[in-house]
Amino acid sequence: MSSEPSAPGTSPRTPRPGTQKSSGAVTKKGERGAKEKPATVLPPVGEEEPKNPEEYQCTGILETDFAELCARSGYTDFPKVVTRPRPHPTFVSSASMSEKPTLDDQRLSASCSLNSLESKYVFFRPTIQVELEQEDSRAVKELYIRGWRVENRILGIFSKCLPSLSQLQAINFWKVGLTDKTLVTFIALLPLCSTTLRKVSLEGNPLPQQSYHKLMAPDSTIAHLSLRNNNIDDYGAQLLGQALSTLHSCNRTLVSLNLGFNHIGDEGAGHIADGLRLNRSLLWLSLAHNRIQDKGALKLAEVLRPFELTHTEVVERRRLLLEKGTQERLRSPTSSRLMESKTERGEKTQLIGMSTIALQEKPEKMQTMRTPKGLGKKKEKPGEVVKKEEKSGSGQSPTQGTPKKEDTTKSSKGKVTIPEQKLSKGKGTKTGSKEKRSILPESEQLVAETTEMINPLLEPVEHRDGKVFLPGNKVLLHLNLLRNRITEVGLEGFLTAVQYQVQFSKARSASKGPVGLLWLSLGKNCFDPQCPTYCMIQELMQPRDPIKAKLKEEEAPAFPT
């Protein structure tokens, strides 16, 4: 009998895991409660864990969202979101603060004994550092993670909490143990973030397959990419060069690329130079602290001045020119079809929209149709007017506008105008249709010109000795080649490139457009800094540097005073 009242009391606990064994046994209440105590605390939390992260709605505060999502995903110990520390201002000693350091030293000596271990290793604790905009917890501008492994589970949590950050501009991962698989997950995360995200830094994350080029896909929105210290060799540079541009694809969003502190040699530099041949969006490139010698330097310098097109590039250029010609004919059919209509008029007196009955009308009717048109014109040559009207069609109304030549061009250009509609319309409606016809081709032509300017193969070329030379890349503004293995042989190539760009910029000084290199860093290489070639490069580049030129302007009025 003692078990009967206890059975209904324990019935709600029977479906929980861990209590199914004791459901059919006859035990005391105390024993059963002792057995069920651990089961009543932990398992319900475990049952709800996989469902809660999907149901949680982010608030836009990264600290609370990340902590809540980590807790619901089963993390007991996870990194904290902290504000990125800023450099302290320089200490200015004064006489009034002479007593304070002694008091601070006493307090620090008392607290160091208690918190010495904690303060020593607090820097190495995994944290997510954020830089805020105007100290607003919702306005996270940049994200910094360094020194701890970022796995797919953490990236999955980021894919839920980062899209709510409407002002996120940069993500910096330094030595977070990325792999080729986690990189794919990270790339899939980027389109979910805000459109303000433009900068990605993945420094100190060497990948076995060197799949960094996936960050530079044609549909990528990254404008600034830093891949320093990733052990990128010539194979990785080849993939990156192909991502910059090929014959049929080109990256048009990347503005700066940092490849410093890698293992790129002459072959890799050549692949990157090949990518710069048809790329017209990259402005800043750093290849500092690599293994580039004269061969790779000459290939990079060759791209900065007019270079010869290969056979495949010439074939592709001809194909693009043919497409351009056909598009122009389709957009402006008047010039091509006017000649065709004139030849047809000489052979036949029929046009589309004219009936055979209209051609057999008497000249008396033509004169009656002609008299209101000739009110504002000379009546000296009626025969020519009759011929023009016969050619343009007899179904036209007397209110069609005075210029006869325009009527002939319209009938030959459109070939689908209906005379019945012209009968009901007046001069005002027709002038409106003229404006529409003139505006539409102009807008289409502007779009065509912008799309054509993007493709460098359609730039004006130069023919020399049966070869086609394309103007060099004058969009690249900054090239950093510090601490490589370049000698004076490589300097000669850069000297000729700089001389060409200086002459080009002087010729194009009045017009707007690309001007070429403004910064060229070649120091700390295998040549004497006092060699004449390097000194000439420095003299040519110094007035092109906008910062140095501005400093000179500021210092100039100080000397006379």
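The values are calculated or read from the model by the stated rules, or taken from the named source; none is laboratory data. Not measured: the values here are computed from a predicted model. Counting neighbours? That spans all protein chains shown, and the Cβs are built from the backbone with ideal geometry, glycine included. The area values use the complete protein model at the heavy-atom level, side chains included, leaving out ligands, DNA and RNA. Shrake-Rupley method; radii C 1.70, N 1.55, O 1.52, S 1.80 Å.
Results, tabulated for the structure shown:
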{"quantity": "Segment R125-K295, extension gain: residue separation times 0.36 nm, minus the distance between their alpha carbons", "calculated": "56.6 nm"}
{"quantity": "Distance from the range 236-298 to the range 69-86 (C-alpha centre basis), Å", "calculated": "37 Å"}
{"quantity": "Calculated FRET efficiency for the pair K506/M536, C-beta based, R₀ 22 Å, to 0.05", "calculated": "0.85"}
{"quantity": "Solvent exposure, largest accessible area first (probe 1.4 Å, DNA, RNA and ligands not counted), of I537, I547", "calculated": "I547, I537"}
{"quantity": "Spin-label pair I547/L330, simplified geometry with 7 Å Cα→Cβ offset, distance in nm", "calculated": "4.9 nm"}
{"quantity": "Where labels lie 7 Å past Cα in the beta-carbon direction, separation of W284 and A139 in nm", "calculated": "2.3 nm"}
{"quantity": "Solvent-accessible surface (1.4 angstrom probe) belonging to R146, in square angstrom, nearest 10", "calculated": "110 Å²"}
{"quantity": "Highest to lowest packing among 306-312, 486-492, scored as the average C-beta count within 10 Å", "calculated": "486-492, 306-312"}
{"quantity": "Which listed pairs, of K524/K552; K295/K506; K295/K474, have C-alpha distances above 28 Å, in listed order", "calculated": "K295/K506"}
{"quantity": "Fully extended contour minus Cα-Cα distance, from Q167 to Q209, at 0.36 nm per residue", "calculated": "11.9 nm"}
{"quantity": "Sorted peptide list for 185-192, 68-75, 463-470, 494-501, criterion being average Cβ within 10 angstrom, highest first", "calculated": "494-501, 68-75, 185-192, 463-470"}
{"quantity": "Förster radius 25 Å - calculated FRET efficiency between T496 and L321, Cβ distance, rounded to 0.05", "calculated": "0.25"}
{"quantity": "T487-Y56 pseudo-label distance in nm [points 7 Å out on the Cα-to-Cβ vector]", "calculated": "6.1 nm"}
{"quantity": "Length released on extending from L247 to A223, taking residue separation times 0.36 nm less the Cα-Cα span", "calculated": "6.5 nm"}
